Amino acid sequence: MKFPKYISIFNRSVYKYKDGWYDPLDFLNPTENIITVNHVEFVFTYLEISEPSNKGGNSIILKLYDPGQIDTSTLGNPIYPEVPNRILKIERNPVKRKKFGQTNLTRFEKEIIALDKCLKCDFQNVIKMHEYGECEIFNRNKDYYEKHRFYTMEYAPFDLKTFIEINHMTVDYDFKLNLCLSLAKGLEELRRLDYYHRDIKPDNIFFIDGDWKIGDLGLIAERNKQFEIDKVAETIGPRGWMSPESMNKYLTEGKGFPNLYDCIIDHRSDIFQLGKVFWYIFNFNAPIGCIKPVDMHFKDNDIYPIMRRMLNHNKKKRFSTIEDVITELKRISLKSLKTLTY
């Protein structure tokens, strides 16, 4: 896959270089923005088409459309389909060729490997990848094309954060309970492959074709520590949604303190982060400090103990496995169903 030569990376996204300056993509002329992925042509645009904003952090996110589905009958004002064919994610930094014997993988490579494994397992609650490989983008400073890793994935019309902001007062208890169960199943699917997600937050949970799915596996880690790429005292995870272990790693690891703090981020750290998301789903705020039943928006005595245990500061007092969380969610879901029946 090769981008047109006038396309360059600038200000954390792709821009059109013209007359010595970087302009946003011309979405009024779709034929200018065409790339070929696996011998199929697509028109690429920003997530908001005309706005070069980017939610990808260390990557660039674009929409891909079938050129034949763009209505160009209205001169100068093309109409794009409501749903794109693909979402394209590109690693912002170019590929650095490994030295002989070097085995370290970049986070983006690990994300692709993990998504490929999930796809082969046909997981239902993890976002699906379509194609992956390397694309070429022209580096204007070096005057040559550089290779960047990419993958394409299914499109999500909105994430959990957007959904809760709009619907938090209208969705009922059972809907939220089933939503939590879907997310727990997604985490369980990753656990089957011995993965820790480590970046669980509402922005990384997506609604796709009627299902809630976990996405953005950019901080994925394996139980096999042979391929560990974390740095000492590195910030791992989203601010505001981090586990105590992640904060310990950032604040104390390698600082010469006595070995009193748990800095190991593992499956129970994922359970803590998911507990924070559960709290957000039910209460549309983040659990900070000491939480109590009175803080619950839904006055329910069944879901609170589950979240309280997931959010225990001491990981040994949390649920041992995500399967245990699923069992408890199913139990109270069945109880709620019986209550409705009677």
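Just so you know, all these numbers are worked out from the coordinates, no wet-lab data involved. Since the structure is predicted, the reported quantities are computational estimates derived from the model, not experimental observations. No Cβ is skipped: glycine too gets one built from the backbone with ideal geometry, and neighbour counts run over all protein chains shown.
With a/c under 1.5 counting as rounded, go ahead and sort the stretch 7-153 into rounded, prolate or oblate using the C-alpha gyration tensor (a ≥ b ≥ c being the square roots of the eigenvalues; past the cut-off, prolate if a/b is larger than b/c, else oblate). Oblate is the answer for the stretch 7-153, as a/c is 1.5 or above yet b/c matches or exceeds a/b. The amide H of R86, built 1.01 Å from its N in the peptide plane, has L64 as neighbours under 5 Å, considering only residues 5 or more places off or on other chains. Taking square-rooted eigenvalues a ≥ b ≥ c of the alpha carbon gyration tensor, is the stretch 257-332 rounded, prolate or oblate, where a/c under 1.5 means rounded and, failing that, a/b exceeding b/c means prolate? Oblate shape, in that a/c is at least 1.5 and b/c is the bigger or equal ratio.
Of the residues I87, I264, I127, the one that moves most in a GNM of the chain with alpha-carbon contacts below 10 Å is I264.
Label point 7 Å out from T36 along Cα-to-Cβ: which residues of the stretch 122-139 have amide N under 19 Å? Inside the label zone: 131-138. Largest mean-square fluctuation among L311, L179, L217, in a Gaussian network model of the chain whose springs join Cα atoms under 10 Å apart, belongs to L179. When only Cα pairs below 8 angstrom with a gap of at least 6 residues are kept, the chain shows a relative contact order of 12 percent. Only Cα pairs under 8 Å and 6+ residues apart enter the sum, and on that basis the relative contact order of the stretch 7-153 stands at 20 percent.
Counting other Cβ atoms within 10 Å as a rough exposure proxy, the listed residues W279, W21, W241 run W21, W241, W279 from fewest neighbours to most. Of the listed pairs K2/K142; K117/K231; K201/K292; K110/K315; K117/K147, which have alpha-carbon separations greater than 19 Å here? Where the Cα-Cα span goes over 19 Å, the pairs concerned are K117/K231; K201/K292; K110/K315; K117/K147. Projecting the Cα atoms of C180, G68, Y151 onto the dipole axis of the stretch 67-204, where Lys and Arg carry +1 and Asp and Glu carry -1 at the beta carbon, places Y151 farthest toward the positive end. Cβ-to-Cβ counts within 10 Å put K5, K110, K161, K89 in ascending order as K5, K161, K110, K89, the fewest first. The stretch 1-56 and the stretch 261-336 have Cα centres separated by 42 Å. Rounded to the nearest 20, the Cβ-based charge dipole of the stretch 7-153 about its Cα centre (Lys and Arg +1, Asp and Glu -1) stands at 980 debye.
Indicate the gyration tensor shape class of the chain (rounded, prolate or oblate), computed on the Cα atoms with a ≥ b ≥ c the square roots of the eigenvalues: a/c under 1.5 is rounded; otherwise a/b larger than b/c is prolate and the rest oblate.
On the way: a/c = 2.21, a/b = 1.44, b/c = 1.53.
Verdict is oblate for the chain.
In the chain, helices alone account for a calculated mean residue ellipticity at 222 nm of -9000 deg cm²/dmol, with every DSSP H run of four or more residues adding -39,500 (n - 2.57). Of the residues A221, A156, A233, the one that moves most in a GNM of the chain with alpha-carbon contacts below 10 Å is A233.
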